Each structure stands twice: as C-alpha cells, then as structure tokens.
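Taking it in order: structure first as structure tokens, then the write-up.
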Amino acid sequence: MLPSTLLSLALCWAVQVGASFDVTASPRQALDERLSLEFSSSFSSSPPDAVCPIQDEFAIQVADRLHPGVCTHGRHHHHHTPQNTSSMHNDDHTSPWTIHPTCTSNTTTKFCVFTSQTFYGDRGITILTTPSTARVLSHLPAFNIKTPHLSSLSENDYRDPPFIVAPIPGRGMGLIANRTIERGDLIKSHPAIAILHNDAVSKDHALYPTHYSPLMHLAIDQLPSNTRNLFLNMAAHNESEEPYIERIYTNTFGEDFNNQEHSIVIPETARLNHDCRPNAMYYFDPRTLVHYTHAARRIYAGEEITITYVDPLQTRLRRRAAIKRSWGFECSCSLCSQGREFARESNRRVVRINELLKVFGELDGDVRGRRKVGGTPEMAELLVGLYEQERLYASVADAYRIAALAYAAKGMEWKAVMWAMRAVEAGLIHDGPRGDGVLDMKRLLSDPRKHWSWGVNL
C-alpha cells in the first residue's frame, strides 16, 4: 500500500512540442485483465530551486526550449497515489492537451498522462506514454483538424445503423445485423478513447503498483464523463481484481507508435464478439486515430457480426487455448464445434497455408531489391483456394497479393492484374487505404511492367 501523501516532490517543465515522426500500425493484439483506483493531483506554488533542482533527463533532451515549472504535491482520493509524480505543464498554445500532463519521476522511463477532453468533439482521448511519443501523436492530423465531425466517422450519428445491440445466449451482448450488409460495407468507425504504453499497463512491471497503476487510473478518470462510462461499461475477464486494468487487458487492440508497443481502447468495437472465422474485419488509421470495421463477407439480417480475437492461422487446439488463456471462455464457434474428422482436415489446411506462406516469405511493399518471388503461380493459386476453403475472408488479401506477385514474377501481366485488383479490394477491408500491401498492389496496377516484381522469376 502507498502512504497517503507523496514521498517526494517532483519537477515540472513547460516544453515546446517538437517534430513529428512516423507512426505505424501493427496487427491487432488484445491483452488480458483490468483495474480500479482513483487519483488526482493538486498544484502548489513554485518552491525554491533547492527543492526543485533544474535537472531532468527529458528536460536535457529539449533544452533549447525549456523553462522551469512548478513542483506539485499530489494527494490521493479514495485509494492509491502515485509516488513521485509531477505535472508537466506545456505552454505551447498549439498543444492539444486540455489538462496539464502528469508524469512519473525518478523512474528509468518517464511516463506521462496527456489528455484532450475536446478530441473529436467532446469524446476526448487520454494517452499514457512517454513525452517523446506524445509529441509524435500531437502532430498527427487527428489533433490538427479544427473541428472533426463524428458524423463522418461513426455510427453514433447514424439515423439507421446496420445492426442492433442485443443479448446473445452464452455470449453476453453482441451486434446483430438488422439488414443484409454487403462485403466492404462500413459497419462502424470510432476514434480511440485511450492509448496506453504497454510497459505502463503491465502488472508484471516492478513499478506498476507504486507508479504506473495510479497514473493509469488518472488517465481514465480524466476522460469526459460520457466517455469514461463507455470504458466502465466494457466487459472484464476478471472483475474481482482491479476493474480498470482488467478492462484494458480484456478489450484493447495493439498498435505501435514511435516504434513502441501500445494498447488502444475503442469501447464500441470491443463489444464485437469472437469467431475464429469472422464475418467482419477492422483496421486502425494511425493518422486519424480512428478504428474502422467493415464486412468481410455478406452478412445476413439476424446474423451476429463478429471479429477474431486470435491469429486465425492456428490449429483448433491452439486457437482454443489462446482464447481460454486470455478471455476465459471456451470457443464454440462453428469451426471449433466441428466433428473430429472435419477439424482434422481444417487443421491440415491451416498447416499447409503456413507452409506456403513460409515458401513465399515476407513480401513487404518495400522490397524493390528482391531478385525472386518465392513459390510459383500454381502454389499461389493453391494458397488462394485454401484461404477460401477455410473461410478466411477477413485476411484473404494476403493470398490475393501473393498470387499477383507470383504471376508478375513470371511476366504474366493479365493474371497479375486480376489478382492485384482482388488484393486491393480485400486489402481495403483488412489494412485500409494506406496499408503497405494495398499501396504495393496499386503500384502494380498502375504499371505492371515497372513493378519491382515484374519478371524477377524469369
């Protein structure tokens, strides 16, 4: 337990927001548990320099635009108070943060809470990360649009959404299609309400109880009340432990920002239930911080809309073990409920898919220097067939793209174009318009004979 007052005073700085860096999205990763506690900090007048020495690792990094700030004396409300936290005041008038950042001190890595209560209207967003990553995020288009309109992003303003929220026997609440939804139709899109550095929300970290947990609670508590309620209404795998962290572990999606792993919270998307062969797929736009979900195949009225929580290219035993370990339930989707012989054949196809993917190797959009495309067009056609036979509609873009590259590598232009067109259509659902695979296939379509893969296997 922490004492009722902070054990030491911390130093605050006002910093100028610096240059931005590239932000890239990674595949979805859900964590597994949650939290509860409240914290608030009060700000006192500036003490003498002897108490607040002008020394700080972060300050040194941006020494060209530093000004000494104000020490803070934190107080706890109800429960824990973070040790050695400080409020980092940012006097840059272009800063998107509407609450002074509060930071840990005397730790190897400095983490701070950055909150905007006016992000996308009054939805708000809270970010628990390092100051350098916060600078990266503050320069994104999401924070530089004068008045973002939720109506163009989310079903919050739909007059007639394509689904209803209803109880599902044995599955809690879920989304049920109220009309036919065609492949590629937008189902929902929402801005993130929280971005949390994975190290700061790891219960295994030695500093989690004393430093990171209270800071994480502050991050959630600073959200606008309606948005905070969205967070609190999310399901939690282990409610008996800390409700906040359990909600985070149960519901978040993984993304990389500034080459560091983070977890993002989108409560509306987290309501979607799991299926090992889902009918919907999502992607995250790291420029606008909006999470999009589209239909991966035709969804009929009365059908539940689902996403997958795990890597679908695993055998049944491994998929079910991953679901049980992370979310605490036995998967009973149609694929996992098949009879033994059907399950054995499905496993055989999954193993063969992984073997073929290994043959073709990593085919990133930046591979103009490659001399060969592993595999043949016939192997690529088999891969496509296996994806379709396994009902991997949500991730079939990978197979289509491999087929396009295999044919281009052999100088077979029209076959390459056919598969590239399919890859773009499927990739828009899986990765969005800025996905590396989508951009690479668009380059192939613009001029197949100038694409990096053209004729490399001849």
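Miscellaneous remarks
- K188 long-range amide H proximity, modeled H, under 5 Å: T293
- Listing D447, D221 from fewest to most neighbouring C-beta atoms within 10 Å gives D447, D221.
- Set of lysines near K203 by C-alpha distance (under 27 Å), chain-local residues within fewer than 8 positions excluded: K110, K324
- Each residue, M412 and S132, gets one label point 7 Å from its Cα in the Cβ direction; the gap between the two is 4.8 nm.
- Cut-off under 5 Å, modelled amide H: who pairs with F257 long-range: H262
- Legend: ranking of residues E303, E246, E268, E355 from fewest to most surrounding C-beta atoms inside 10 Å; resulting order E355, E303, E268, E246.
- Likely footprinting exposure, D199, D204, D440, D275, fewest C-beta neighbours within 10 Å first: D204, D199, D275, D440
- Applying the Karplus relation 6.51 cos²θ - 1.76 cosθ + 1.60 with θ = phi - 60° to the stretch 220-226 yields 3J(HN,Hα) values of 5, 5, 7, 5, x, 4, 5 Hz, where x marks Gly and Pro.
- The count of lysine pairs in the stretch 338-450 that are at least 8 places apart or cross chains, and whose C-alpha atoms lie under 17 Å apart, stands at 7.
- In order along the stretch 112-120, the Karplus-derived 3J(HN,Hα) couplings, from 6.51 cos²θ - 1.76 cosθ + 1.60 at θ = phi - 60°, round to 9, 9, 10, 10, 10, 8, 10, 5, 6 Hz, and Gly and Pro are given as x.
- Whole-number D in µm²/s for the stretch 221-266 (Stokes-Einstein; Kirkwood sum over Cα pairs; 37 °C, 0.692 mPa s): 285 µm²/s
- Average projected area [Cα convex hull, the stretch 242-384], square nanometres: 12.0 nm²
- Taking all Cα pairs closer than 8 Å and separated by 6 or more residues, the relative contact order of the stretch 338-450 comes to 22 percent.
- Under-5 Å amide H pairs with T306, H placed in peptide plane, nonlocal only: N279, A280
- For the stretch 192-203, 3J(HN,Hα) per residue [Karplus equation, 6.51 cos²θ - 1.76 cosθ + 1.60, θ = phi - 60°, Hz, x = Gly/Pro]: 5, 9, 8, 10, 10, 4, 4, 5, 7, 10, 8, 5
- Each distinct pair of alpha carbons in the stretch 338-450 adds a 1/r term; the inverse of their mean, the Kirkwood radius, is 14.3 Å.
- Computed from point charges on the beta carbon alone (+1 for Lys and Arg, -1 for Asp and Glu), the dipole magnitude for the stretch 338-450 about its Cα centre is near 280 Debye.
Taken together, the values in this text are just the output of simple stated rules run on the coordinates, not laboratory data. Everything numeric in this text was worked out from a predicted model, so none of it was measured. Cβ sites come from the backbone with ideal geometry, for glycine too, and all protein chains shown count toward neighbours.
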